[in-house]
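Written below as structure tokens is the structure these notes are about.
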Amino acid sequence: MAMVDQPLYPIAVLIDELKNEDIQLRLNSIRRLSTIARALGEERTRKELIPFLSENNDDDDEVLLAMAEELGVFIPYVGGVEHANVLLPPLETLCTVEETCVRDKSVESLCRIGAQMREHDLVEHFIPLVKRLAAGEWFTARVSSCGLFHIAYPSAPEALKTELRAIYGQLCQDDMPMVRRSAATNLGKFAATVEAAHLKTDIMSVFEDLTHDDQDSVRLLAVEGCAALGKLLESQDCVAHILPVIVNFSQDKSWRVRYMVANQLYELCEAVGPDPTRSELVPAYVRLLRDNEAEVRIAAAGKVTKFSRILNPELAIQHILPCVKELSTDSSQHVRSALASVIMGMAPVLGKDATIEQLLPIFLSLLKDEFPDVRLNIISKLDQVNQVIGIDLLSQSLLPAIVELAEDRHWRVRLAIIEYIPLLASQLGIGFFDDKLGALCMQWLKDKVYSIRDAAANNIKRLAEEFGPDWAMQHIIPQVLDMITDPHYLYRMTILQAISLLAPVLGAEITSSKLLPLVINASKDRVPNIKFNVAKVLQSLIPVVDQSVVENTIRPCLVELSEDPDVDVRFFASQALQSSGQAKMSS
């Protein structure tokens with residue numbers, strides 16, 4: 001008897017768990033569907049499990065979402081693609097629920113299953129499902145149907161294809177804006193499967209309706225359709241049908257539609273080609289750069305470099321640069337920030353002369369902007385300008401601004417400058433760096449903010465790597481020797497951190513002769529925090545110096561620290577001693 005009951009057990013447990021009040025139990029049982037299906041076998045999964053799931057009327061969206069996800073990968077458990085159609089009914093039900101994320105996941109799973117189904121199964125089962133959803137009384141079914149047409153259409157016979165195109169046309173004119181939005185979103189995918197002859201007639205007339213929709217939420221989705229359809233049409237059709245739509249959209253009464261145009265304009269330019277871009281889209285883009293809504297200007301400003309690359313330098317200087325000048329003093333800090341993040345890329349497009357004459361003054365004004373993000377965005381892209389105008393001009397014009405930023409009252413701005421110092425150092429060269437920026441690097445080690453001091457210590461290490469140990473010996477070590485006796489214990493701690501970072505770069509000899517004596521002296525400090533940091537630094541120096549130095553200098557100092565009255569000092573000293581013992585054994 002037990003043997004007979006055994007296969008019933010998984011489905012019985014599943015039924016119990018799916019009816020349980022605890023949502024976590026219900027979720028867990030749904031996530032174990034594949035295990036249950038394997039236990040039941042393919043036939044019983046088809047005949048018992050799937051019908052049970054179709055009838056399951058759980059009202060919790062989380063459970064339904066998990067079920068929609070699981071069913072998308074269920075083909076192997078029902079016996080392969082020849083039985084894939086049994087998975088359609090439960091997913092069809094899920095396509096009609098109110099929660100958007102459940103419907104989206106169900107459509108995604110149906111697309112995954114439909115892509116694997118055999119052609120005659122698609123005609124027999126999948127296409128009728130699409131038609132039922134498209135004719136659904138409740139708008140949710142019609143919304144879901146829009147995402148399935150691109151799977152159903154390619155394998156349909158000619159008569160059905162005509163019907164599917166007509167149904168999609170009706171969905172684009174549906175009374176409910178949500179349905180029209182879904183139709184607009186999925187138009188590009190559907191259009192990609194439609195034959196070229198019908199593309200120009202049926203699809204373009206549907207697209208025309210969407211572009212004149214009275215809801216801006218539908219029109220802004222039609223903007224995305226412009227780019228998708230533009231790639232499918234031949235260039236002359238694109239200019240005839242898509243270009244006028246883009247130009248109209250760029251003057252749309254809704255700022256959201258104009259925002260979408262500003263975001264998509266680069267892709268739209270690629271679709272219509274270079275000549276129409278220059279004649280028709282440049283004026284449209286200039287309008288967007290001067291739009292009265294800050295959000296539209298932000299989107300347009302972020303594309304200024306990409307757009308300039310499509311044009312020749314003369315056109316960019318004539319039309320785009322005047323707008324860029326206006327945007328650099330825009331009332332919205334976010335517009336200036338968006339411009340600052342891309343404006344450096346214009347330098348290679350405009351060439352050396354135009355960059356020096358026109359762009360450099362804009363860079364300088366943005367570098368002095370009151371908003372930190374604007375300044376950061378300029379600093380982070382300096383290398384692009386350097387490639388165009390050369391280091392001498394760059395340093396003459398930008399260095400005073402960089403020095404000013406290095407002392408900025410916002411610590412995040414100072415931090416960003418520190419992070420770019422190694423980049424600047426490698427670009428400016430050793431001589432220039434020593435003259436102008438060397439003193440700044442040492443100054444940061446005494447900053448009031450810990451993050452700056454920490455970054456400054458790392459910065460010194462990176463500079464030592466860039467310029468070599470000899471340079472470090474000449475320019476860094478003497479100043480480190482002076483600062484280790486600073487009256488403020490926090491600055492002394494920063495120097496200890498800098499020593500532990502510099503040691504591996506400078507090598508055993510310099511570490512033993514110059515750095516180690518400083519650390520040993522610091523072990524006599526009256527502040528316990530310094531002493532336990534000395535123990536940590538000594539531990540980090542063990543792998544760098546020779547074993548004899550460890551035995552004669554480091555270990556005696558650590559033994560002394562391990563008998564310190566402070567508990568933390570003793571802890572870190574004994575930890576370092578343990579490390580030195582292991583190092584000795586391994587050597």
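The values are calculated or read from the model by the stated rules, or taken from the named source; none is laboratory data. Values in this document were obtained by computation on a predicted structure and should not be read as measured data. Positions of Cβ are backbone-derived with ideal geometry, glycine not excepted, and every protein chain shown enters the neighbour counts. When the accessible area is computed, the model is the full protein with side chains, heavy atoms only, and any ligands, DNA or RNA have been set aside. Shrake-Rupley method; radii C 1.70, N 1.55, O 1.52, S 1.80 Å.
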Pairs with Cβ under 7 Å, 6+ apart, first in the stretch 203-229 and within 14 Å of Ala262 (Cα to Cα) and modelled with pLDDT under 75, second part of a helix (DSSP H, G or I) and not hydrophobic (A, V, I, L, M, F, W, C): Ala227/Gln264; Ala227/Glu267
Sole residue being touching a helix residue (DSSP H, G or I) at 6+ places or on another chain (Cβ under 7 Å) and open to solvent by 60 Å² or more (accessible area, probe 1.4 Å), chosen from Arg31, Arg103, Arg46: Arg31
Any pair with Cβ under 7 angstrom, 6 or more apart, that starts in the stretch 52-65 at a residue that is at pLDDT 70 or above and ends at one that is of a type in the set (A, V, I, L, M, F, W, C) and part of a loop (DSSP other than H, G, I, E, B): Leu64/Val97
The lone exception for Lys189 - which of (1) open to solvent by less than 20 Å² (accessible area, probe 1.4 Å); (2) closer than 30 Å to His83 by Cβ it fails: (1)
Filtered residues of the stretch 189-209 (kept if part of a helix (DSSP H, G or I), under 31 Å from the mean Cα position of the chain (by Cα) and not small (Gly, Ala, Ser)): Lys189, Phe190
Residue that is least open to solvent (accessible area, probe 1.4 Å) [pool: residues in the stretch 336-358 that are free of Cβ contacts under 8 Å to residues at least 40 places away in the same chain and either in contact with a Lys or Arg (Cβ under 6 Å, 6 or more places away or on another chain) or among the basic types (Lys, Arg) (or both)]: Arg336
Hits in the stretch 237-257 (condition: open to solvent by 50 Å² or more (accessible area, probe 1.4 Å), among the polar types (S, T, N, Q) and not in a helix (DSSP H, G or I)): Gln251
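Residues checked against (1) open to solvent by 20 Å² or more (accessible area, probe 1.4 Å); (2) under 27 Å from Glu99 (Cα atoms); (3) not hydrophobic (A, V, I, L, M, F, W, C):
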position: Ser144; (1), (2), (3): no, yes, yes
position: Ala166; (1), (2), (3): yes, no, no
position: Met176; (1), (2), (3): yes, yes, no
position: Ala184; (1), (2), (3): no, yes, no
position: Ile203; (1), (2), (3): no, no, no
position: Leu221; (1), (2), (3): yes, yes, no
Odd one out for His212 among (1) in contact with a Leu (Cβ under 9 Å, 6 or more places away or on another chain); (2) within 20 Å of Ser182 (Cα to Cα): (1)
Candidate set from the stretch 82-100 (those that are open to solvent by 50 Å² or more (accessible area, probe 1.4 Å) and touching a residue at least 24 places away in the same chain (Cβ under 8 Å)); member that is nearest to the chain's Cα centre (by Cα): Glu99
Residues satisfying the stated conditions in the stretch 469-478, i.e. farther than 18 Å from Ile452 by Cα and surrounded by 14 or more Cβ atoms within 10 Å (Cβ to Cβ): Pro469, Trp471, Ala472, Met473, His475, Ile477
Residues that are closer than 19 Å to Gln318 by Cα and of a type in the set (Val, Ile, Thr), drawn from the stretch 244-297: Thr277, Val282, Val286
Which numbered condition Ala457 fails, given (1) among the small types (Gly, Ala, Ser); (2) at pLDDT 80 or above; (3) surrounded by fewer than 16 Cβ atoms within 10 Å (Cβ to Cβ): (3)
For Val73: the one exception among (1) under 33 Å from the mean Cα position of the chain (by Cα); (2) of a type in the set (A, V, I, L, M, F, W, C); (3) buried (at least 20 other Cβ atoms within 10 Å of the Cβ): (3)
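Here's the yes/no breakdown for (1) over 22 Å from the mean Cα position of the chain (by Cα); (2) among the basic types (Lys, Arg):
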position: Arg287; (1), (2): yes, yes
position: Glu293; (1), (2): yes, no
position: Ala301; (1), (2): no, no
position: Ile317; (1), (2): yes, no
position: Glu326; (1), (2): yes, no
position: Ser332; (1), (2): yes, no
position: Leu359; (1), (2): yes, no
position: Ile362; (1), (2): yes, no
position: Asp369; (1), (2): yes, no
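Within the stretch 568-579, does at least one residue satisfy the condition of being free of Cβ contacts under 8 Å to residues at least 40 places away in the same chain and closer than 25 Å to Arg453 by Cβ? Before you say what the answer is, go through the steps one by one.
Narrowing the stretch 568-579 to residues free of Cβ contacts under 8 Å to residues at least 40 places away in the same chain: 570-571, 574, 577-578.
Subsequent filtering for residues that are closer than 25 Å to Arg453 by Cβ retains 571.
Within the stretch 568-579 (the criterion being free of Cβ contacts under 8 Å to residues at least 40 places away in the same chain and closer than 25 Å to Arg453 by Cβ), the answer is yes, since at least one residue qualifies.
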Residue in the stretch 487-509 that is among the small types (Gly, Ala, Ser), within 27 Å of Ile476 (Cβ to Cβ) and open to solvent by 50 Å² or more (accessible area, probe 1.4 Å) present: no
